[in-house]
Each structure stands twice: as C-alpha cells, then as structure tokens.
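Read the structure below first, then the notes.
The values are calculated or read from the model by the stated rules, or taken from the named source; none is laboratory data. Only a predicted model underlies this, so the values are computations on that prediction, with no experimental measurement involved. With ideal geometry, Cβ positions are generated from the backbone for all residues, glycine too; neighbour counts draw on all protein chains shown. Areas reflect the complete protein model, heavy atoms only, side chains present, ligands, DNA and RNA absent. Shrake-Rupley method; radii C 1.70, N 1.55, O 1.52, S 1.80 Å.
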Amino acid sequence: MSQVNDSVKPNVIDDEMVQKAMEEQCPEVIRNLGKREGVKDVTELQLSFRNILQIANLWQFENLTKLQLDNNIIEKIEALESLVHLVWLDLSFNNIEVIEGLDTLVNLQDLSLCRNRISKIEHMDTLQKLQIFSIGKNNLTALEDVVYLRRFKNLRTLNLTGNPLCDDERYMLFVVAHLPDLVYLDFKLVSENTVSISASPAREVRHRHPTSACFVGMPAILPAFGAGSLQKSGFQRHAMLALCVLLTLLRFSSKAAFVEYLNGSFLFDSLYAEDAEAAKLAYLPGVGDLLQAYPSWATEFVSVCENLFRYGLKEFEKREAEVSDFYKSLHEVLTASQQEARKITLDFENRNQRRLDEVRSATSSDLAESKRAEYREDVGQLSEALMTLEMRHADQLEELIKDFKGQIAVVASTFIEDVKGIYPLDTCRDLENHHHEQLLEICISTLEKSAKNELDEDLPEDIRMLLVDKNTIVNAVNASHRIRLLKIDKRESDILCNTYQW
C-alpha cells in the first residue's frame, strides 16, 4: 500500500478527511459537543489506508495521544509539532526515507516505522520516554546505528528484523551488549543466556561508556584464555563469544574516536604486510641478526600507538559529552519555549471563548461589533506575544549553537594539537628511520662482499638480482622504507582528517 502508482490518487490530510475519520471513530464526542468543539476531546485518531502523501491539518488535535498513519504513501514526517501529548505513533508501511520532525513529541512511548526506506537511525534525541521502537524492514546496514539507541534508558522492546544489518553474525550479541535492558528483540524474549554471553564478562558495559580504558589492551588477554583451561572450566565457547562481543564494542568505539587499530601491534604488523622488498631483504646475511632487535623496538613502537589509543578514547568521551550536553540544553530551550507558547495560546482561548459567545448572543449590531473589535485587538496582541517569544527563542538557539560550536572547536583543536605534539607518531618514524639506516649498512656491506665473492651463503636468484650494483640494492631498501613511512604518515593523516571532518 506504500507504493505510488497511476491508479492511486495521493491525498493530503484535510478538514474533510479528518472530519470523516472523527465521525467514524468518535460519533458520541461529535454529536454531544459539536464538530469544532469535539476536536479537543479526541485522544485517538486512525488515518490508515487513505493514500495520504502529506501530513497536514493535525494541529487542532492538541490532546491526541494515539495516531495511526500506517499503510499510506507518506514520504516525509512533518506537521506533528503540536501533538505534544502523543504517546503512540504508527507510521509503518509508508515511503519515509529520513527520521525527522519528532522533536516536540517528548511524551512518545511507542513508535513504529516498519516497512519504510530508512537507512539511518537519527534525530530522535528528545524521545526520552520511548519504550517500544519498531523499525524492521527498512534499509539499515550499519550495526553502529544500534549504539544511537543507548540514549533511550526506557527502551524495552526493539524490532530490527528484515534490515540488512541483521545478516551480520554478531548482530544479536552486539545489540544485547549495547542495550542490556531490552526485554524483547525482534518479537522474541531476550533469553538470560544471550544476556549473560553478551554482558557477563564485561559487566561494566552497563555502567560505563564502552570506550572506557578498561577495554584497552583486550587483545592481549585473549591468549590467557587457552583452549585447555577453558575446556576444563566448561566456559570456552561462552567466554570466547563474550570476548568477541567486547572486542566488537571496542572496534566501533575506537573507530568513532579516530584511533581504530592502535590498541596493539596492528599498525606495526601492517608495515610489513605488503612489503615484498622487505621479505627479500630478510634473506641477506646479517639481516637476521638485525631482526633479533625486532622485539625491543617493536615494543616501543606499539607502546607509542597504545598511548595515542588511550588518549583518543579519552578525548572521544569529551566530544560525546559536549554533544550530549548540547542536546540536553537544546531540549530544555525547546520545551520551555513550547510550554510558554502553549500557555499564551490557552490564555487567549480562555479569554475569547466567552467573548465569541457574547458576539453570538449580542442583542444589537453595535454590541456585536464592539465585541468583535475587542477580539481583533486581542488577536493582534496574541500575534505580537508569539512573535516576541519566537524572536527570543531564536536568539536563545543562536547563542546555544554559538557556544556549542566554540566548545567543539576547542575540544577538536586540542585533540589535533596533542596528536601532533604530545602523542605524535614521530617516535614511530624515528624507530623506522633507525631501523632503515642499520638495514642499509648491512645491505651495502653484503653487496661489497658479493663483489669480492666473499659470500658464504647460497642466496636465491631473486635476492642475487638485488646485488647487481649499489643503486639496485639501495633502491630496494629505500622502497621498502618508503612503504612503511607512508603507512605511518597515512595513519596520522587519517586521525587528523577525520577530526577536521567531524
């Protein structure tokens, strides 16, 4: 039903559609209080299967708590700002691509967006009372979207089934690890076994940010869980699954912190992973002795990376805190402004309801005109009051955004400066340069021995080809050196560029 075709006439929610829906669903209210007056007493409205393309004309339902707009052809979530008491909203089976327009629905507890075209979970920060969220059969591909849902402390039921991200083998454990208070996931009760596997060895996930320093160096712990000891204790499978979940949490959080794969020897190992020249040079006499020094300078190299990793996570938490504080302040400003605007409007309605009754019952045209003049004057004052409030609200938002941008600029620039100064990868470059100089000396010495036929070892043909002349062997060593330096440079550049982009 959510597909537009030539035989379907798109509709916009208008007064006629709303009136018809009210007469079908709320006949007693309409009959007893009159059409216009009855609108305020309507708490539930169903507008399903009506070929609605655009949401409109719902502002008058200020006491609505339940709204059904499922099975239409809606493309954009809009015009719901006045429904501040809404608790239940169904927008499933439509053509929605972006989650938006929900900022004022601060009382929403149940939201369904199933079978739309949504590719990212976003713009829901004000829905702090959300308990049930259904967004199955959409286009969600990234497991990271689940992390966004951690801000909803009351969320107990979640449906993601039918999204591409569900095909990931880590899906179930990842979701439960990030949302440990879920009771139902994809229409199934979350078993205690699943919770224990995903959370028990990392119980602090419930209480601390997943980027906490307690996760740093976790790969080093893995060997400690040897297969034999785990089999003896009967927990091998569960412990390894739990550790995989823990490492998954770490990877996603470190990626957001721009220090992914710096918590260990990942960068160091990658220097040689694609270096064909280094593999050849390893056969030369004396290089083996040089590589015996590998553990000591590799340890220093890895130590530099891990220091940067820990610092990156710490700074990431600062950035997240700034963003969280901004949204909290934004919500407070919006809520205060909405409440004040609502109070002004209600005061106006209370004053003028009596005046309108007096106009209708006026015994003379002069009296009626006098009351109408008073009403027009009050309307003008209402407009001026709301415009003043709007201007003040705009100034508050502008100031809030200005402060936020300033704070973010400071946090980001501090991180960039520290990556360049206090936690640079220059030490890694120095280690590589020193290693390169020693390797070059060995290669030139080997070349000289080869020229004098003093080599005792029988080298492979492709290695002997490097010993044709000095230029050939020096070029090979320098090419190997450049590959490793470029990888160090690129890792540092990625950190800085990602920070600038953020």
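Just to confirm, what accessible area per residue do you get for the stretch 265-500 at 1.4 Å probe, in whole Å²?
I get 59 Å² per residue for this part.
Extension gain for residue 59 to residue 154 (0.36 nm times residue separation, less C-alpha to C-alpha distance): 31.4 nm. Dipole size of the stretch 35-92 about its Cα centre, with +1 on Lys/Arg Cβ and -1 on Asp/Glu Cβ: approximately 160 debye, rounded to the nearest 20.
Counting only C-alpha contacts under 8 Å and six or more residues apart, can you give the relative contact order of the stretch 265-500 as a whole percent? Numbers along the way, then the final one.
On the way: 135 pairs, mean separation 84.9, N = 236.
RCO, the stretch 265-500: 36 percent.
Which pairs break 22 Å Cα to Cα here: 20/371; 120/487; 328/402; 318/405; 40/328; 76/120?
Numbers: 20/371 33 Å; 120/487 32 Å; 328/402 15 Å; 318/405 14 Å; 40/328 31 Å; 76/120 15 Å.
The pairs that break the limit, which is 22 Å between Cα atoms, are 20/371; 120/487; 40/328.
Counting only protein heavy atoms, what percent of the accessible surface of the stretch 436-490 is carbon or sulfur at a 1.4 Å probe? Carbon with sulfur: 48 percent of the solvent-accessible area.
In a simple Cβ point-charge model (Lys, Arg +1; Asp, Glu -1; nothing else charged), the stretch 265-500 has a dipole of about 800 debye relative to its Cα centre.
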